Amino acid sequence: MIISENMQQLVAGSSVIRKMFEEGLEMAKQFGAENVYDFSLGNPASPVPQAVTDAAVNILTTENTGMVHGYMKNAGYDDVRAKLAAHLNAQYGTDYEAGDLIMTVGAAGAMNCVFRALLAAGDEVIVFAPFFGEYRNYVANYGGTLKVIPANTEDFQPDADALRNAITDKTKCVIINNPNNPTGVVYSEETIRAIGEVLKEAEARIGHPVFIVADEPYRELVYDGVTAPFIPAIIPNTIYAYSYSKSLSLPGERIGYLALGKDAAEHDTLIGALTVANRILGYVNAPSLFQRVVADCTDVKADVAFYDRNRKLLYEKLTGLKFEVIKPQGAFYLFIKSPTKDETAFVARAKEEHILLVPGTTFGCPGYVRLAYCVSYEMIERSLPAFERLAAAY
Ligand code: PLP
């Protein structure tokens, strides 16, 4: 075979979520789209805000520059980064400047730049389960080892003591995804402070920085008055990764950024390395049009109400049917305890009712399943009798 052995393995184990999504499309052909309840993918159904569309049209039709589609610095347009830095500063009291930000190809592109910049073969990245399964690939891309701290199924907050025991002199960084995919849990300030203390201690012990990689595409999607603590303000050695995929419903446009505070260790070296990584990974730079669009849309808000309505309907229905569900405070996922030990059997049984869910094993947390409620309210309403039948089977 022409492809490498390593790639053959990756193809064989290719994303369960994507596979599920494709199966959903097949089922929709077979049974009719209105009879399939696809809760598998985090593809936001809330419409792109009109202001975003208007900004794109405006840039394309009125901006007097033939360079809208041109190359620019690998880190992105200076004026765009300056605007986003000012926006972060206004929100969080930080002191970012344009040079502290790098525009990226979404959060996925951002994290690949981070791991390309930090990892040598055998270096370790620590993550708390449950976690976004693609991290396995992002870390493996650069020969790193992903070390998983098992889920704290009490309240799904990361366990700082377990982190202390997991750090070795090979640890380069710790991923924190808040609000969390797949649980919808928002990590508290207390949790983040405890992690900060552990890192400080560990850095003194092992003699080099251990960075937090704060992966925050769901930052604005929070409910019931909860807010996610801004990690860079608590832990200076934080590489902050943001994406507009979820907040502005733009996952296909591939736009996000990295930010690194001036107090971070080896700031200038790291910014230089991240910028080169953006180029040599073949991204070259983040998409030019959408760099400009997001800079014009810093005040556009995510449609939190759209998801909150879905969250309430499904949470009430599923708990009413006696499913054990973690109450989500953020993102747009429900994490449901499987009524059978083997959650893949539960996922298969749900599929018989045309309900598509993702097994928790994908997220390093067997015994649970993930339901993505970033779908239309009408689809959820139509799915309710199917959930009743599913509950009756257990
Ligand atoms: N991180 C998490 C936790 C996600 O859930 C996702 C997408 O679902 C990503 C990163 C990738 O996002 P992006 O589209 O910005 O690359």
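One table, with the values for the structure above:
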{"read-out": "Residues (open to solvent by 20 Å² or more (accessible area, probe 1.4 Å) and small (Gly, Ala, Ser)) located in the range 108-142", "value": "Ala108, Ala117, Ala120, Ala121, Gly122, Ala140"}
{"read-out": "Counted residues, the range 316-328 - those being under 18 Å from Gly360 (Cβ atoms) and open to solvent by 50 Å² or more (accessible area, probe 1.4 Å)", "value": "2"}
{"read-out": "Filter result (out of contact with any helix residue (DSSP H, G or I) (no Cβ under 9 Å at 6 or more places or on another chain) and not in a helix (DSSP H, G or I)) within the range 290-306", "value": "Lys301, Ala302, Asp303"}
{"read-out": "From Ala56, Ala86, residue being more than 16 Å from the ligand (Cβ to nearest atom), open to solvent by 30 Å² or more (accessible area, probe 1.4 Å), over 22 Å from Thr361 (Cβ atoms) and of a type in the set (Gly, Ala, Ser)", "value": "Ala86"}
{"read-out": "Residue under evaluation Val304, criteria (1) open to solvent by 10 Å² or more (accessible area, probe 1.4 Å); (2) touching a residue at least 60 places away in the same chain (Cβ under 8 Å); (3) farther than 30 Å from Thr61 by Cα; (4) more than 18 Å from the chain's Cα centre (by Cα), criterion not met", "value": "(4)"}
{"read-out": "Thr168, sole failed condition from (1) within 20 Å of Ile326 (Cβ to Cβ); (2) in contact with an Asp or Glu (Cβ under 8 Å, 6 or more places away or on another chain); (3) among the β-branched types (Val, Ile, Thr)", "value": "(1)"}
{"read-out": "Residues satisfying the stated conditions in the range 307-335, i.e. under 24 Å from Gly225 (Cβ atoms) and outside any helix (DSSP H, G or I)", "value": "Val325, Ile326, Lys327, Pro328, Gln329, Gly330, Ala331, Phe332, Tyr333, Leu334, Phe335"}
{"read-out": "Long-range neighbours under 6 Å by Cβ, at least six apart or interchain, first residue of a type in the set (A, V, I, L, M) within the range 242-255, second more than 7 Å from the ligand (Cβ to nearest atom) and open to solvent by 10 Å² or more (accessible area, probe 1.4 Å)", "value": "Leu250/Tyr244; Ile255/Tyr244; Ile255/Pro287; Ile255/Phe290"}
{"read-out": "Residue satisfying condition, being over 13 Å from the mean Cα position of the chain (by Cα), open to solvent by less than 30 Å² (accessible area, probe 1.4 Å) and within 16 Å of the ligand (Cβ to nearest atom), within set Ala264, Ala214, Ala202, Ala228", "value": "Ala228"}
{"read-out": "Scan of the range 62-76 for residues that are more than 29 Å from the chain's Cα centre (by Cα) and either modelled with pLDDT of 90 or more or not in a helix (DSSP H, G or I) (or both), ordered by number", "value": "Glu63, Asn64, Thr65"}
{"read-out": "Glu343 under 30 Å from Pro150 (Cα atoms), open to solvent by less than 30 Å² (accessible area, probe 1.4 Å) and either touching a helix residue (DSSP H, G or I) at 6+ places or on another chain (Cβ under 6 Å) or not assigned by TED's automatic domain parsing to the domain that holds Val16 (or both)", "value": "yes"}
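The values are calculated or read from the model by the stated rules, or taken from the named source; none is laboratory data. A quick note: this is a predicted structure, and the numbers were derived from the prediction, not measured. Using ideal geometry, Cβ is built from the backbone for each residue, glycine included, and neighbour counts are taken over all protein chains shown. Surface accessibility is based on the protein's heavy atoms, side chains included, excluding ligands, DNA and RNA. Shrake-Rupley method; radii C 1.70, N 1.55, O 1.52, S 1.80 Å.
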